[in-house]
Amino acid sequence: MPAATYQKRRGEIETYFDRTAAEAWKRLTSDAPVGRIRATVRAGRDTMRATLLSWLPDDLTGIRLLDAGCGTGAFAVEAARRGADVVAIDVARNLVDLARERAPRDLGRGRVSFRVGDMLDPALGRFDHVVGMDSLIHYTADDYLRVLESLAPRTGRSILFTFAPRTAPLAVMHAVGRLFPRGDRSPSLQPLAESELRRRLAASRLLAGWSPARTHRVKSGFYTSQALELLR
């Protein structure tokens, strides 16, 4: 069962994306004009999405994939276009509603089931691949590991996820962000050093049989995120 800290932070994320930042996120994830800073975030997210997609097979026909923290559904739609059967879940109902609204009717051989809920719900079943793009960056390192340990037994091939790398520039932005009122900003990022993450992964008994593979860092203005591939 997820720790209380996970449940608490999940509630904060739900509130932020459903209330505080609903309109801003709707605009950021669209083609609408945005300011310079948000433009760098949009570009960074586009690059990261392309990176994670490149780590999956070109043909996903017959593959069941979990988009854990699907947001407005861009990744889920692209995976479905490759033939995947995608379960796309997010805690924020507004984002899921927007994802359903934006999803094209014709996805070829694939399909997407958009759901509101917890990505750790065992009722979601088993998957060949799990992808979590920027959906864990607000959680503590302990909760981060618990999420991976919860998903691993129900995943057959790979878990692709991102983390906020602990770098000097990111630490500065993290500190500056704390100067803004809580109601005006997102739940704080939880920077994590790659070396610490790898140490925790190697020490976890529940992740025995899983090995880190490819990694890639994306830096675009105010967006910094690093992807890591876990393979069974």
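The values are calculated or read from the model by the stated rules, or taken from the named source; none is laboratory data. This structure is a prediction, so every number in the text was calculated from the model and none was measured. Methodologically, a virtual Cβ is constructed for each residue, glycine included, from the backbone with ideal geometry; neighbour enumeration extends over all protein chains shown. For accessibility, only protein heavy atoms count, side chains too; no ligands or nucleic acids. Shrake-Rupley method; radii C 1.70, N 1.55, O 1.52, S 1.80 Å.
Structural remarks
- Oblate is the label for region 1-59. Its Cα gyration tensor axes, ordered a ≥ b ≥ c, give a/c of at least 1.5 and b/c at or above a/b.
- Each residue of region 36-50 was assigned a 3J(HN,Hα) from its phi angle through the Karplus expression (A = 6.51, B = -1.76, C = 1.60, θ = phi - 60°), giving 4, 5, 5, 5, 5, 5, 4, 5, x, 5, 4, 5, 5, 4, 4 Hz with x at Gly and Pro.
- Accessible surface of HIS216 - all protein chains present, 1.4 Å probe, nearest 10 Å²: 80
- For the peptides 96-105, 139-148, 157-166, 204-213, the ranking by mean Cβ contacts within 10 Å, running from highest to lowest, is 157-166, 139-148, 96-105, 204-213.
- Rounded if a/c under 1.5, otherwise prolate or oblate - region 1-139, Cα gyration tensor axes: oblate
- Percent carbon-and-sulfur accessible area, the chain, ignoring ligands, DNA and RNA, probe 1.4 Å: 52
- Taking every alpha-carbon pair under 8 Å whose residues sit at least 6 apart, the chain reaches a relative contact order of 21 percent.
- Global geometry of the chain, whether rounded, prolate or oblate, following the gyration tensor of its Cα atoms and the 1.5 cut on a/c: rounded
- Mean Cβ count within 10 Å, highest first, over the residues of peptides 117-123, 82-88: 82-88, 117-123
- Each Lys and Arg contributes +1 and each Asp and Glu -1, all at the Cβ; summed about the Cα centre of region 27-93, the dipole is approximately 380 debye.
- Each label was represented as a point 7 Å from its Cα along the Cα-to-Cβ direction; for ARG27 and LEU231 these points are 4.3 nm apart.
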